[in-house]
Structure formats: structure tokens, C-alpha cells
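Chemist: Pasting in a structure now, in C-alpha cells, and then I'll have a few things to ask.
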Amino acid sequence: MSADIFGSQPADEDRLAELYDLEHDEVLVDLPFYREMARRTAGPVLDLGCGSGRLFGALLEGGAPRILGLDGSAALLRRAEARIAADERLAAAARDGRLSLLRGDVRAISTLNIRERFDLAVAVGVVPHLDGPEDALRLLGGVRSVLARGGRFVIDDLGPAEMPDRDMPLSIDWRRSLGGREVVRRSELVRRESPEGLRVAFSTIADAVQPDGTIARLPASHALWYPSPEALAAPVGQAGMVVELSYGSHDLEPLGRESGRRIYVVVYEPTTAPSHEVRVG
């Protein structure tokens with residue numbers, strides 16, 4: 001949830017959003033999965049925590065007739081607007097009313113006066129930025145209220161193999177170039193096991209070289225929650241939903257202890273008919 005990522009940080013939100021894209025725009029492995037999810041559901045899509053719209057192109061390619069991107073960060077939504085303006089396919093969809101943005105808290109969907117109903121909702125990397133099971137229930141309840149009958153909700157986060165198994169001291173985790181200028185990010189984390197899953201205090205410091213040779217230092221801190229399967233299953237059930245399918249990767253590998261992703265396809269009104277797996281083409 002980008003509002004939590006950037007909220008109350010003593011730094012320039014637009015610069016943080018730029019660095020966010022610098023890291024996340026390199027992620028391409030999940031695009032075929034979301035393209036196929038859009039194709040199979042063949043209806044309007046709600047992209048929760050959409051950020052700057054990294055998934056928009058894939059969802060349109062999958063035939064989504066309508067996309068609503070929801071995020072709490074004004075800075076990331078400004079970057080989404082810039083992404084749309086720079087891509088004729090996205091710009092055409094926006095002009096036709098098939099792609100729009102909305103600023104709001106994913107935990108408070110019911111307060112946003114969304115009158116549409118969606119056949120597919122997706123939340124990539126959103127759950128870790130919730131505060132715990134109560135926040136998850138608010139999210140799920142809000143999603144249920146805007147899903148069409150039989151609609152699917154994809155929850156996509158890190159899997160068991162990617163969970164930190166120890167505290168990590170402050171160290172460099174990447175160096176990248178931004179407009180020909182070097183950016184170095186350092187991070188540290190402190191983990192704590194809890195009854196509802198793993199709690200992680202994650203802090204970063206990004207040093208970005210400016211055109212005049214000075215360095216802008218951008219600190220950020222995040223309180224992350226990686227729920228246990230039981231801690232996530234409980235609010236799913238309380239929201240009147242069930243996990244229809246689970247995967248351990250965007251290539252549809254089974255979910256297990258060695259999985260790099262934990263992907264749940266949650267359904268609001270399950271049918272008695274056999275479920276069909278998503279095929280990535």
C-alpha cells in the first residue's frame with residue numbers, strides 16, 4: 001500500500017516515487033500472469049495499490065475492457081499519469097474512459113463511492129503494508145463489496161523462500177543509474193515473529209547524485225507484515241470468501257516452502273463446478 005510506503009516520511013515524495021519506479025519497473029516476470037488473468041476474467045479490473053501503473057499495459061493486452069487504478073500515494077499517481085501520457089495505448093484507453101486513477105486507502109474502499117463492479121481485483125505487494133488481520137479484513141470486505149458475482153481477487157506477495165530468516169545490518173542492496181546519475185540504496189531490517197506472522201521493521205537510505213554533484217539523501221522506513229497462512233485465511237473466511245487457487249510462482253508452480261511467491265486467487269462466490277487454472281501464454 002503506497003500510502004504507507006511514503007506517508008510521514010521526512011523526504012521528497014516525488015523523489016521517493018521516482019526511486020520506487022527505478023526498482024519496480026525492472027519487474028517483468030509477472031506480466032504474462034496478469035495478462036492471462038485479464039483474458040480469462042474478461043471484465044473490468046481493479047488494480048489495488050497500482051503505484052505508477054506498472055500492470056496497466058499487461059491488463060489492457062489481456063483484453064480488460066476497463067481498469068481502475070487505486071493508490072494512496074499522490075506522488076505515485078502523478079507518475080502513473082505521466083506513464084499514461086507517454087504511452088499511446090494507455091493514453092487512448094484513458095481518453096476512452098477505459099483507464100482511470102483514484103486516490104484512496106485500500107482499507108477503506110467502501111468510503112470511496114466506487115459504483116462499478118469488477119470481475120478481477122489484484123493486489124500485488126499490498127498485504128505486507130497492512131497492519132495485521134484487522135486491516136486485511138477491511139481490505140477483503142471492501143474488495144468483496146465491489147466484486148461482480150463470481151469475481152476473483154488475486155493476492156500476490158513474497159513466498160516462504162523469500163522471507164528473511166535473520167536480522168540484516170545496514171548494507172548496500174543496489175546501485176542503479178537514474179538519468180545518468182548514480183543512486184545507491186542501503187537497507188536494514190529487524191524481524192520479529194508474532195502469532196499472526198512475521199513482522200519486519202525495514203529501513204532504507206537512498207543516496208542520489210544531483211546534477212550539481214551534491215548528494216540527496218532520502219530515508220524511508222516501513223513496518224511490514226507477512227502473515228502466516230492461518231492469519232491470512234482467517235480474514236478471507238470472515239469476509240465470506242475462499243481461496244480457490246494458490247501458486248508459488250507466476251509460472252503456476254505449486255505453493256510450498258521453497259516458493260518465491262505466495263499467490264492466492266480468492267473468489268467471492270465459489271461455484272461447485274471444477275476450478276480451472278490460469279495458463280500463462
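Chemist: List pairs: first residue in segment 229-250 and in contact (Cβ under 8 Å) with a residue 40 or more places away in the chain, second residue among the polar types (S, T, N, Q) and outside any helix (DSSP H, G or I) anywhere in the structure, Cβ distance under 6 angstrom, at least six positions apart or on different chains.
Modeler: Glu244/Ser275; Gly248/Ser259
Chemist: Test of understanding: among Arg89, Arg35, which residue is open to solvent by 60 Å² or more (accessible area, probe 1.4 Å), touching an Asp or Glu at 6+ places or on another chain (Cβ under 7 Å) and either modelled with pLDDT of 95 or more or polar (S, T, N, Q) (or both)?
Modeler: Selected residue: Arg35, the only one of Arg89, Arg35 that is open to solvent by 60 Å² or more (accessible area, probe 1.4 Å), touching an Asp or Glu at 6+ places or on another chain (Cβ under 7 Å) and either modelled with pLDDT of 95 or more or polar (S, T, N, Q) (or both).
Chemist: Name the residues in segment 148-181 that are assigned to a helix (DSSP H, G or I) and of a type in the set (Gly, Ala, Ser), would you?
Modeler: The answer is Ala161, and nothing else.
Chemist: Report every pair of residues separated by at least 6 positions or lying on different chains whose Cβ atoms are under 8 Å apart, first residue within segment 165-190 and in contact (Cβ under 8 Å) with a residue 60 or more places away in the chain and β-branched (Val, Ile, Thr), second in a strand (DSSP E or B) and open to solvent by 80 Å² or more (accessible area, probe 1.4 Å).
Modeler: As it stands, the answer is Val183/Arg175, since those pairs meet every condition given.
Residues are listed down the side, and each one gets a yes or a no for (1) more than 21 Å from the chain's Cα centre (by Cα); (2) under 26 Å from Asp135 (Cα atoms):
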{"position": "Ile155", "(1), (2)": "no, yes"}
{"position": "Arg175", "(1), (2)": "yes, no"}
{"position": "Pro195", "(1), (2)": "yes, yes"}
{"position": "Ala206", "(1), (2)": "yes, no"}
{"position": "Val243", "(1), (2)": "no, yes"}
{"position": "Leu255", "(1), (2)": "no, yes"}
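Chemist: How many residues does segment 136-148 contain that are farther than 17 Å from Tyr264 by Cα, touching a residue at least 40 places away in the same chain (Cβ under 8 Å) and surrounded by 19 or more Cβ atoms within 10 Å (Cβ to Cβ)?
Modeler: Within segment 136-148, residues that are farther than 17 Å from Tyr264 by Cα, touching a residue at least 40 places away in the same chain (Cβ under 8 Å) and surrounded by 19 or more Cβ atoms within 10 Å (Cβ to Cβ) number 1.
The values are calculated or read from the model by the stated rules, or taken from the named source; none is laboratory data. Here the structure is a predicted model, which is why all the values come from computation and not from measurement. Please note: Cβ atoms are built from the backbone with ideal geometry, for glycine as well, and neighbour counts cover all protein chains shown. Keep in mind that these areas ignore ligands, DNA and RNA; they rest on the heavy atoms of the full protein, side chains included. Shrake-Rupley method; radii C 1.70, N 1.55, O 1.52, S 1.80 Å.
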